[in-house]
Amino acid sequence: MSVPLLFVHGDDGLGLDMAVRDFTAEIGADERVEINAAATPDEAIGRAALEAGTMSLFGTHLTVLRQPLRAAGRSTAAAERLMELVSALPDESPLALIEERPSRDLTKPPALLKRLAEAVKARGGRIEERNAPRRGDLRAWITAHAATTGVKIEVRAAHLLAERIGGAIWETDIERGEMTRVADSELRKLATYAGERSIAADDVEALTIDARPASVFAITNAVDRGEPAAAADALRRALAEGQPGLRILASLATRLSDLIVARDLVARRMPPPDIAKRLTRGNARMAERLAEAARRYRSEELEAMLIGLFEADVAIKTNVMDEESALTAWLGEYLLASRASGSA
């Protein structure tokens, strides 16, 4: 590369760290200065420019700036300083820019990310994207990572490990950034336990706890499918992980309102494109899912569930019940009981 410059972005925390590690080895850096813009956004760009422009007396000196986009924030002046950091980088001054992004935002890259990538490319730097495995891909990642680290693992064990970490969850509000780091840590622990033999499924059963991340969408999706047990499990996980109960309640209320409207539109034989316009701003696939879900319930059942949520909201806000108790009671009364009686 013309300038020892790396810009790596994505939601895979471990992958981002590995990219910096490989870059450090590639340029033969003897020392590394880490600047975390998440902690000091106002100072980070200026400090990175100062560090990158400082020649080391003891070998190659690598400056690492984490979260450069956060450092720039919404400030036009800060964005220009970030561009200048790259454009004015001395030829022999290595710099690595690492932007860890939320999983839910990967499909919506900000304009500044594209602009920064173009600036790095113009200087002859390298741009890499390191994203965490999506649904169903974590098992293959575990198998490949185990091979590169000299760990032997059976296929069933890799499948179970991926499942316990959350690799099979498909909801889009799941943050996947730490899944590979957790998998790497678990592999090391399991390898120590297994010794010379391959890691077996029984080892995973014994040593790896169920660490699947919580998802608010998983609760509403389970309601869509009319699966009370799945809804109860997703609710338990969300509350245990610290998801705000009122946020869960609001998501459920929104979904039930959509289902009530969808059931009415389906009953009136409204075409799917029109349903999409009314409910999902043109997302025909989501409209079809809502219409299918609405058919699983009677209109009065959906209305009772929504009224029950309003009552739970009042109970929480007047301190009659705490969030967990109110949501659990609503689930038991309006979903578990009705599904068990086969009233849908």
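Across the range 1-18, what is the total count of residues that are closer than 23 Å to Arg181 by Cβ and in a loop (DSSP other than H, G, I, E, B)? Spell out the reasoning first.
Keep residues of the range 1-18 that are closer than 23 Å to Arg181 by Cβ, which gives 6-18.
Adding the requirement that they be in a loop (DSSP other than H, G, I, E, B) leaves 11-12.
Qualifying residue count, the range 1-18: 2.
For the range 117-156, give me the residue count where each residue is assigned to a loop (DSSP other than H, G, I, E, B) and free of Cβ contacts under 8 Å to residues at least 24 places away in the same chain.
Adding up the residues that qualify gives 1.
Considering only the range 142-159, state which residues are surrounded by fewer than 22 Cβ atoms within 10 Å (Cβ to Cβ) and on the phi < 0 side of the Ramachandran plot.
Keep residues of the range 142-159 that are surrounded by fewer than 22 Cβ atoms within 10 Å (Cβ to Cβ), which gives 143-145, 147-152, 154-156, 159.
Correct list: Thr143, Ala144, His145, Ala147, Thr148, Thr149, Val151, Lys152, Glu154, Val155, Arg156, His159.
Would you confirm, using the coordinates I've provided, whether Ala168 is open to solvent by 50 Å² or more (accessible area, probe 1.4 Å), under 25 Å from the mean Cα position of the chain (by Cα), modelled with pLDDT under 90 and not basic (Lys, Arg)?
So Ala168 passes the test.
Restricting the range 197-239 to residues that are under 19 Å from Arg164 (Cβ atoms) and of a type in the set (S, T, N, Q), which is most open to solvent (accessible area, probe 1.4 Å)?
Among them, the one singled out is Ser198.
Among the helices (runs of 4 or more DSSP H) contained in the range 232-344, which hold 3 or more residues that are at pLDDT 85 or above and more than 28 Å from the chain's Cα centre (by Cα)?
In the range 232-344, the matching helices (runs of 4 or more DSSP H) lie at 245-267, 299-317.
So is Pro228 within 18 Å of Ala304 (Cα to Cα) and not charged (D, E, K, R) or not?
Spelling it out, Pro228 is indeed within 18 Å of Ala304 (Cα to Cα) and not charged (D, E, K, R).
Of the numbered conditions (1) at pLDDT below 95; (2) open to solvent by 10 Å² or more (accessible area, probe 1.4 Å), Ala37 fails exactly one; give the number of that condition.
Of everything listed in (1) at pLDDT below 95; (2) open to solvent by 10 Å² or more (accessible area, probe 1.4 Å), Ala37 misses just condition (2).
Give the residue, chosen from Arg134, Arg130, Arg181, Arg176, that is of a type outside the set (Phe, Trp, Tyr), under 22 Å from His9 (Cα atoms) and open to solvent by less than 60 Å² (accessible area, probe 1.4 Å). Talk me through it step by step, then tell me what you get.
Numbers: Arg134 fails: open to solvent by less than 60 Å² (accessible area, probe 1.4 Å); Arg130 fails: open to solvent by less than 60 Å² (accessible area, probe 1.4 Å); Arg181 fails: open to solvent by less than 60 Å² (accessible area, probe 1.4 Å).
Among Arg134, Arg130, Arg181, Arg176, only Arg176 is of a type outside the set (Phe, Trp, Tyr), under 22 Å from His9 (Cα atoms) and open to solvent by less than 60 Å² (accessible area, probe 1.4 Å).
His61 fails exactly one of the following numbered conditions: (1) surrounded by fewer than 17 Cβ atoms within 10 Å (Cβ to Cβ); (2) touching a strand residue (DSSP E or B) at 6+ places or on another chain (Cβ under 7 Å); (3) farther than 29 Å from Ala132 by Cβ. What is the number of that condition?
Failing condition for His61: (1).
Within the range 208-217, does at least one residue satisfy the condition of being at pLDDT below 95 and of a type in the set (D, E, K, R)?
Just the residues of the range 208-217 that are at pLDDT below 95, to begin with: 208-217.
Pick out the ones that are also of a type in the set (D, E, K, R) and you get 210, 212.
Yes, the range 208-217 has at least one match.
Collect the residues in the range 141-196 that are small (Gly, Ala, Ser) and under 23 Å from Arg101 (Cα atoms), keeping them in residue-number order.
At the first step, the residues of the range 141-196 found to be small (Gly, Ala, Ser) are 144, 146-147, 150, 157-158, 162, 166-168, 177, 183, 185, 191, 194-195.
Of everything in the range 141-196, those that are small (Gly, Ala, Ser) and under 23 Å from Arg101 (Cα atoms) turn out to be Ala162, Gly166, Gly167, Ala168, Gly177, Ala183, Ser185.
Ile165 fails exactly one of the following numbered conditions: (1) under 19 Å from Phe217 (Cα atoms); (2) touching a strand residue (DSSP E or B) at 6+ places or on another chain (Cβ under 8 Å); (3) without any contact (Cβ under 8 Å) to a residue 60 or more places away in the chain. What is the number of that condition?
For Ile165, the exception is condition (2).
Inside the range 189-243, can you point out the residues that are aromatic (Phe, Trp, Tyr) and within 18 Å of Thr172 (Cβ to Cβ)?
Matches in the range 189-243: Phe217 only.
How many residues, within the range 84-127, are among the β-branched types (Val, Ile, Thr) and open to solvent by less than 60 Å² (accessible area, probe 1.4 Å)? Step through it out loud before you land on a result.
Step one: filter the range 84-127 for residues among the β-branched types (Val, Ile, Thr), giving 86, 98, 107, 120, 127.
Filter again for open to solvent by less than 60 Å² (accessible area, probe 1.4 Å), leaving 86, 98, 120.
Total satisfying the criteria: 3.
The values are calculated or read from the model by the stated rules, or taken from the named source; none is laboratory data. Predicted, not measured: the structure shown is a model, and the values here were computed from it. All Cβ positions, even for glycine, are placed from backbone atoms using ideal geometry, and neighbour counts span all protein chains on display. Note: accessible area is taken over every heavy atom of the protein model, side chains too, but ligands, DNA and RNA are not part of it. Shrake-Rupley method; radii C 1.70, N 1.55, O 1.52, S 1.80 Å.
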